[in-house]
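Comments concern the structure below.
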Amino acid sequence: MKRALGVCYYPEHWPEDIWAKDAAEMVAAGITWVRIGEFAWSRLEPAPGVFEFGWLDTAIETLGAAGLRVVLGTPSATPPHWMLDQFPDMLALDAHGQPRTFGSRRHYCHSHDGYRDAAAAMTARLGERYGRNAHVAAWQIDNEYGCHDTTLSYSNAARRAFCRWLSHHYQSVEMLNKSWGNVFWSMEYPRFDAVDLPNLTVTQANPSHEMAFRRFSSDQVVQWNAAQAAALRPHTDAPLIHNYMGRELNFDHFAVARDLDIASWDSYPIGFLSDRLEATPDHKAAYLQQGDPDMQAFHHDLYRAMNKGRWWVMEQQPGPVNWAPYNPAPLPGMVRLWSWEAFAHGAEVVSYFRWRQAPFAQEQMHAGLLRPDNQPAPGLDEARQVAKELAEMPVVSIAQAPVALIFDYASQMAWDVLPQGADFNYFRLMLEAYRALRRRGLSVDILPADVTDLTGYKMVLAPGLAVLPEALQNAIAEDTEVSLIGPRSNLITDELHIPVPMGPNLPWLDVTVTRVESIPPGHARAVPGGGALVHWVEALEGSAEVRVKTQDGATCLVANGSHYYLGGWPDVPLWDRLLTRLGTEAGLELVTLPEGLRLRDTATHRFAFNYGAAPVEWEGQSISPADFAYCPLRQISPATL
Ligand code: GAL
């Protein structure tokens with residue numbers, strides 16, 4: 001697969017007479033894709049039914065004539081003000097019942113039929129006009145679903161749609177009452193339309209109610225996206241894409257992906273480290289200008305799983321962002337490193353956000369590849385360098401990784417609803433497992449919970465998986481030698497009830513979790529030999545062979561052969577010990593890496609990315625901070641590993 005660079009561009013922000021020069025400079029920098037249009041509704045339809053496509057025709061023609069391929073965005077993330085005049089009730093309401101008003105973006109509720117139809121109609125109109133345009137080579141639908149906390153809406157439109165969803169899902173209100181356990185606290189409903197949204201209750205709402213609302217809200221995003229995909233399909237054969245945001249987990253991305261052709265995500269490594277990650281102050285200080293060494297790779301591996309391996313980075317941080325609490329500049333070299341890391345994980349395109357820094361409005365402090373005065377910003381040189389390097393090594397082929405990690409959006413929702421401890425966060429657990437795999441040099445495939453075939457994986461991990469589907473259980477039993485289930489896997493039903501018999505109910509292992517505890521920061525249950533359980537501890541019973549006990553004698557790891565259940569949340573040393581043990585049993589090639597170095601194997605090469613602040617020696621080469629190296633796989637000598 002040939003890899004390419006792109007950039008996000010807003011022709012509507014700049015005078016028309018500089019578009020051609022911008023396009024020529026993009027091409028000169030080695031950029032081949034340009035994404036436009038995703039926020040331009042007020043310029044495309046300044047008043048209801050008054051369309052002004054002339055400028056977009058010219059922009060597409062200008063960019064295309066320069067040799068660029070255009071990704072055209074549908075503008076539904078930014079409905080113009082007149083749309084609100086038409087649909088005053090289209091705004092989302094927050095959990096306190098307050099409207100999320102006009103004046104930024106994503107000011108809409110996915111359940112508002114009128115706005116959904118208007119957005120789909122606009123999309124169809126764009127499809128009619130540009131669907132066969134030779135320069136429009138891909139489409140982006142909407143922008144970053146869920147970002148700014150926009151999946152859950154407590155509007156009247158949402159409530160009406162939720163009642164319809166419930167009646168479809170449960171068929172009778174008796175079934176709903178039974179499925180939710182509404183006999184508790186006399187919560188039984190007489191009719192579907194008596195069910196409120198689960199906000200504004202006096203104390204915690206029923207977890208089943210809350211979970212149903214989460215699933216419903218996720219389905220609304222899926223349908224919203226599907227409506228636009230359906231509006232575009234008759235007009236174009238170009239691939240349809242959405243740009244997901246990092247650690248935005250309130251809807252099922254795998255379900256959205258079914259209506260799309262390519263997954264993409266927006267990668268802001270330094271913003272994420274500051275804004276979206278639990279980490280010690282030391283860790284945040286060590287990676288302040290590089291970003292976390294695993295956060296990007298995790299998302300690359302996740303999005304590779306969505307559309308048969310086809311995925312892009314639609315937006316790549318090119319310099320300081322504006323939206324995190326602190327916004328340091330990337331170390332020189334990081335823009336290039338992030339780009340290559342994405343390619344090594346299989347990205348087809350890495351597209352920088354944005355071409356020129358806008359000197360006005362919300363993102364005026366956000367870097368582009370050009371400064372507001374048109375001079376090159378530091379990111380531009382790095383983009384140029386990547387383009388040159390890509391020309392020298394244009395093919396990166398992806399191979400199946402030896403390890404699979406199961407990732408499931410419903411589990412994130414379940415544990416959000418029922419955390420049982422302030423530190424129990426599904427994503428955090430997954431990222432910690434992933435980090436531990438990567439500290440041992442492993443490449444990882446992330447797979448959805450409905451996977452049915454695990455052939456070729458030497459080791460499979462499913463921590464925190466709320467419900468372990470039967471097909472996945474069979475695949476683990478049949479296709480893989482080594483597995484690790486738990487903590488908190490298969491301990492709950494779809495309705496968030498405790499199953500009886502109690503979980504995890506694994507056919508291959510006689511173990512029951514009879515009690516769970518959450519423990520606050522600063523408390524840990526030590527494990528002899530090093531490491532401890534933190535955040536979460538389970539009491540395990542059953543005849544399965546005990547492999548590890550805590551210092552106080554409680555069982556925390558049991559197994560049958562190399563199929564394990566883990567009854568607690570490991571700290572870093574314990575994850576390292578566990579994965580060394582399991583990895584060795586699986587016959588994996590385990591490496592001990594210097595701090596900040598991460599490896600990634602493609603079909604032909606091993607890449608080594610240095611996120612650390614010190615140079616490291618690897619395969620006879622010295623890799624500077626913010627730099628990377630690669631070697632043909634066959635040249636890697638086992639002795640050095
Ligand atoms: C993304 C978004 C872009 C821009 C960018 C700034 O989340 O899709 O439109 O706002 O952040 O970092």
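Sorting GLU248, GLU470, GLU363 on the 10 Å Cβ count, fewest up front, what's the list?
Working: GLU248 19, GLU470 10, GLU363 15.
Going from least to most buried by this count: GLU470, GLU363, GLU248.
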Would you work out the relative contact order for the chain, in percent, from Cα pairs under 8 angstrom that are 6 or more residues apart?
-> 11
How big is the gap, in Å, between the Cα center of the stretch 554-577 and the Cα center of the stretch 30-47?
-> 51
Charge dipole of the chain built from unit charges on the beta carbon (Lys, Arg +1; Asp, Glu -1), centred at mean Cα; most positive-end Cα among MET175, HIS242, SER622 is SER622
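Give, rounded to the nearest 20 debye, the magnitude of the charge dipole that the stretch 403-585 has about its Cα centre when Lys and Arg contribute +1 at Cβ and Asp and Glu contribute -1 at Cβ. Let's see the in-between values first.
Numbers: 13 positive and 22 negative charges, 160 e Å.
The calculated dipole for the stretch 403-585 is roughly 760 debye.
Quick one: PHE360, PHE609, fewest Cβ neighbours within 10 Å first, how do they rank?
Details: PHE360 8, PHE609 25.
Listed from fewest to most nearby Cβ atoms, that is PHE360, PHE609.
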Would you kindly compute the Cα radius of gyration of the stretch 403-585 and its largest Cα-Cα separation (Dmax), both in Å?
-> 14.8, 41
Relative exposure of HIS148, HIS299, judged by other C-beta atoms within 10 Å (fewest first) = HIS148, HIS299
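Given the alpha-carbon gyration tensor of the chain, what are the semi-axes of its equivalent ellipsoid in whole angstrom, ordered largest first, with each equal to the square root of 5 times an eigenvalue? Don't skip to the end; give the middle numbers.
Details: eigenvalues 317, 235, 82 Å².
With the √(5λ) rule applied to the chain, the semi-axes are 40, 34, 20 Å.
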Most positive-pole-ward Cα, ILE406, ALA305, ALA227, against dipole of the chain from beta carbon charges | ALA305
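If the only charges are +1 at each Lys and Arg Cβ and -1 at each Asp and Glu Cβ, what is the size of the charge dipole of the chain around the Cα centre, to the nearest 20 debye? Kindly include the intermediate steps, with their values, before the conclusion.
On the way: 51 positive and 74 negative charges, 105 e Å.
Using only the charged Cβ atoms, the result is roughly 500 debye.
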Could you work out the helix-only [θ] at 222 nm for the chain, with each DSSP H run of four or more residues adding -39,500 (n - 2.57) and the total divided by the number of residues, to the nearest 500 deg cm²/dmol?
-> -9500 deg cm²/dmol
Along the charge dipole of the chain, which of MET334, PRO269, MET90 sits closest to the positive end, that is, farthest toward it, with unit charges on the beta carbon of Lys, Arg, Asp and Glu (+1, +1, -1, -1)?
-> MET334
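Which percentage, to the nearest 5, of the DSSP beta bridges contained in the stretch 403-585 is antiparallel? It would help to have the intermediate numbers written out before the result.
Details: 21 of 36 bridges.
DSSP beta bridges in the stretch 403-585 are roughly 60 percent antiparallel.
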Among DSSP beta bridges lying fully in the chain, give the percent that are antiparallel, nearest 5.
-> 45
Charge dipole (debye, nearest 20) of the stretch 157-217; +1 at Cβ of Lys and Arg, -1 at Cβ of Asp and Glu | 220
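Laboratory data are not the source of any read-out in this text; all were calculated from the coordinates shown. Since this is a predicted model, take the numbers as computed values, not measurements. When we count neighbours, we look across all protein chains shown, and the Cβ atoms used for this are built from the backbone with ideal geometry, even at glycine.
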